[in-house]
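Values quoted throughout were computed directly from the atomic coordinates according to the rules given, and no laboratory measurement underlies them. This one's a predicted model, so the numbers in the text were calculated from it and none came from an experiment. Note that each Cβ is placed from the backbone with ideal geometry, even for glycine, and that neighbours are counted across all protein chains shown.
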Amino acid sequence: MREPSFSPPPALNGLPAPIALELLAAVPRRASRRSFNGEPVPEGRLDALEQLATGWRPWAEARCSVVREAPQSLFMGIVGTYGGVAGAPSALAFVGTDDAAAAVGYTGEALVLRATALGLSTCWLAGVFSPQAARRLTPLASEERVFAVSALGFAVESTTAKERVLSASARSSRRRPLEDIAPGHGSWPAWARAAVETARLAPSAMNRLPWRFSYLDGDLVVTAEGAELPRAATRLDCGIAMFHAELGAYGEGVTGTWRWRPKPEVAVFTPGYV
Ligand SMILES: Cc1cc2nc3c(=O)[nH]c(=O)nc-3n(C[C@H](O)[C@H](O)[C@H](O)COP(=O)(O)O)c2cc1C
């Protein structure tokens, strides 16, 4: 990832420049971890996450809640702990209205990257978590639901055998080539190429990278690919990729605005050159 060689725009969708730059720098350092050492997260770091979660709501219909003390039952799916997370003392809960999956992914990934920047490990979980436990920990408005959670804490120092099996089955280190997710990107402007390179590093359920970018009349269009997974994970994934793409563009000095698009498209980014 290139260091920005420019004076950064003052904000990325309302995120002040120092935070936006910090999140961009965290992208290559983030990796999902599933085995934690149980050590509590220092209050100051939870406060910093809380401040972002409450102070930055780019979409009214999506939000993130910091769960300071997360019981192990939060990380249990219907098949018990298989594939789940162990030893995480805290969590993030990603909340929104039914049709807000992409907005939830976008907002949540900012929190995940902020946690990475604060030296914490994370793992998005849309499959292996207990919605009942999440509801008990996060007061919800009647139209809201918890789409996913992330484990939050300090990972054990070396990856465990379970983590190696899971990341091999999820092909963490083998991502789809850029040409698959952004056909023709070689002829796009630098900001759009940086956007899709940064989106390629985004986490996604089962590492499917279920998004496709196209460059159309100066805009970047995000389309969802493949079947929808339970709990709307495909559109969550696309929202996560949108946030990464915007960070990548920001690293080239470009900010812009998103507009939602009907399915199977997700959203369109129009750069507003500054
Ligand atoms: C929306 C979403 C849902 C996920 N759900 C799960 C899950 O239920 N269980 C799990 O072990 N990992 C889950 N993951 C983590 C992915 O497997 C992981 O992000 C992917 O393999 C890429 O690896 P990386 O995050 O280390 O880059 C999820 C990731 C995302 C973005």
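Observations
- Mean Kyte hydropathy of 0.0 or more with a Cα span along the axis of at least 18 Å, helices from DSSP in the chain: 101-117, 233-250
- Order of Trp124, Trp56, Trp260, Trp191 - criterion: other Cβ atoms within 10 Å of each residue's Cβ, fewest first: Trp260, Trp56, Trp191, Trp124
- Positive-end extreme of charge dipole, the stretch 194-273 - chosen from Thr255, Ala227, Pro271 (charges on Cβ): Ala227
- Dipole in debye (nearest 20) - the stretch 29-169, about Cα centre, beta carbon charges: Lys, Arg +1; Asp, Glu -1: 340
- Spin-label pair Lys263/Asp219, simplified geometry with 7 Å Cα→Cβ offset, distance in nm: 2.1
- For the chain, averaging the sequence separation of C-alpha pairs within contact (under 8 Å, six or more residues apart) and dividing by the residue count gives a relative contact order of 22 percent.
- Dipole magnitude for the chain: computed about the Cα centre from +1 point charges on Lys and Arg Cβ and -1 point charges on Asp and Glu Cβ, it is near 640 debye.
- Only DSSP H runs of four or more residues enter the estimate; each adds -39500 (n - 2.57), and after division by the residues of the chain the mean residue ellipticity at 222 nm equals -10000 deg cm²/dmol.
- The residue list Leu92, Thr160, Gln132 was ranked by how far each Cα lies along the charge dipole of the stretch 29-169 toward its positive end, using unit charges on Cβ atoms, and Thr160 comes out on top.
- Residues Thr270, Thr97, Thr107, Thr138, sorted so that the one with the fewest Cβ neighbours within 10 Å comes first: Thr270, Thr97, Thr138, Thr107
- Here the Gaussian network model covers the chain, with springs between Cα atoms less than 10 Å apart; of Ile19, Ile181, Ile240, Ile19 fluctuates the most.
- Efficiency of FRET between Glu228 and Arg135 - r from beta-carbon atoms, R0 35 angstrom, step 0.05: 0.95
- Residue exposure sequence - Glu228, Glu246 - by fewest surrounding Cβ within 10 Å: Glu228, Glu246
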